[in-house]
1. So for segment 158-174 (the condition being out of contact with any His (no Cβ under 9 Å at 6 or more places or on another chain), outside any helix (DSSP H, G or I) and at pLDDT below 85), does at least one residue qualify?
2. Taking segment 106-159 on its own, how many of its residues are in contact (Cβ under 8 Å) with a residue 60 or more places away in the chain and either among the small types (G, A, S) or under 30 Å from L180 (Cα atoms) (or both)?
3. Which pairs do you get when a residue that is within 30 Å of T117 (Cα to Cα), found in segment 192-217, comes within reach of a residue that is in a helix (DSSP H, G or I) and acidic (D, E), reach meaning Cβ atoms under 6 angstrom, with the pair 6+ apart or on two chains?
4. Across segment 204-234, what is the number of residues that are in contact with a Phe, Trp or Tyr (Cβ under 8 Å, 6 or more places away or on another chain) and among the aliphatic types (A, V, I, L, M)?
5. Look through L213, L219 and report the one residue that is in contact with a Cys (Cβ under 9 Å, 6 or more places away or on another chain), under 30 Å from L244 (Cβ atoms) and at pLDDT below 90.
6. Give segment 224-239 a look and list any residue that's among the aliphatic types (A, V, I, L, M) and touching a helix residue (DSSP H, G or I) at 6+ places or on another chain (Cβ under 7 Å), or say none.
7. Go through the residues of segment 103-113 one by one and say whether even a single one is in a helix (DSSP H, G or I) and exposed (fewer than 10 other Cβ atoms within 10 Å of the Cβ).
8. Picking from A145, A131, A75, which residue would you name as being open to solvent by 30 Å² or more (accessible area, probe 1.4 Å) and closer than 20 Å to E251 by Cβ?
Amino acid sequence: MDDLFGVSDVVWSGVFASTITLTGVFLSNRSNTRRLKLQLIRDGEERAKQRRSDLRRSVYLDAVEAIAKAHAHFARFPDLGEDESFSDGMEAMNSAVERVKLIAKLDTGDAITNYQTACMEVYCGCLLRAAPILKLNAELDEISASLVDAQAKIKKIDDAISQTSQQLDIRKHSALKTSLNSEKSHLNSLHQARAVLLKEITLLKADYGKTTLEKVNSLVGVTAKSLALMRNELEIEGDGPDTLARLEKRERESREVVALTVQNSVLETLGAEVYSNAISDQENRHVNDPRI
């Protein structure tokens, strides 16, 4: 065969072979580049998804903890210390809920907003119910302080009586005896008033606990729905169509246990008959005055 353009066949075969090889390398590199780009895109999407999941997990877990603390805080209203505030639990809960609404899907944000609104209603109701107990607690503190003063006075008079006995001052001794009897009578009155207050406070706390549990139970539906939607976003394993119903059942059962514990505690303190009569009186008051 004659040489093509004066170039030998051997050279042309080398050129053709090199061209085919370079073409194959180019196509292979282009395919690898395309696969690498797709892989990088998928890796980026997975990392972004993981970051969103980690953020949601952190925010949602904080929110669940704040919700549980807010519910427990309601029960402590009548016994809050001077360094505690009624709004402590609500401030933490509202802050956590706002973070949830910022990153949650719209359905989850709507559900948690409904919970927040219902929780504020419970909070206001608990404040009104706790007010009479707080007033009686203040009166109890005053009586307790008066008891301490009365006991100190009695001790002081006893010491004075001992001195007058040694000095044989009959007139002064008689006057001190009169003062001692008066202070002891006052002390007994204070003890009786304190016992009456303690009983009334205990009954009011029992009624407050019963009412508060009922109010918190009203949050079961909105709480369970919010939890179910947050679990769905976190892709918790094992969740199914019955997740919402099971969460509601769990919430109700836990509150029933708490209610029974509170009732048994009051029964042990006051006795069944006193507690039953007190509950009847409270219910009659509710019927006669719906504001209570």
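The values are calculated or read from the model by the stated rules, or taken from the named source; none is laboratory data. Source: prediction; values computed, not measured. Neighbour counts are summed over all protein chains in view; Cβ atoms, including those assigned to glycine, are modelled from backbone coordinates with ideal geometry. Note: accessible area is taken over every heavy atom of the protein model, side chains too, but ligands, DNA and RNA are not part of it. Shrake-Rupley method; radii C 1.70, N 1.55, O 1.52, S 1.80 Å.
1. Looking through segment 158-174, at least one residue is out of contact with any His (no Cβ under 9 Å at 6 or more places or on another chain), outside any helix (DSSP H, G or I) and at pLDDT below 85.
2. 7
3. Pairs that qualify, where the first residue is within 30 Å of T117 (Cα to Cα) and the partner is in a helix (DSSP H, G or I) and acidic (D, E): there are none.
4. Of the residues in segment 204-234, 6 are in contact with a Phe, Trp or Tyr (Cβ under 8 Å, 6 or more places away or on another chain) and among the aliphatic types (A, V, I, L, M).
5. When all the criteria are applied, what remains is L219.
6. A224, L227, A228, L229, M230, L234
7. Yes, that holds for at least one residue.
8. A75
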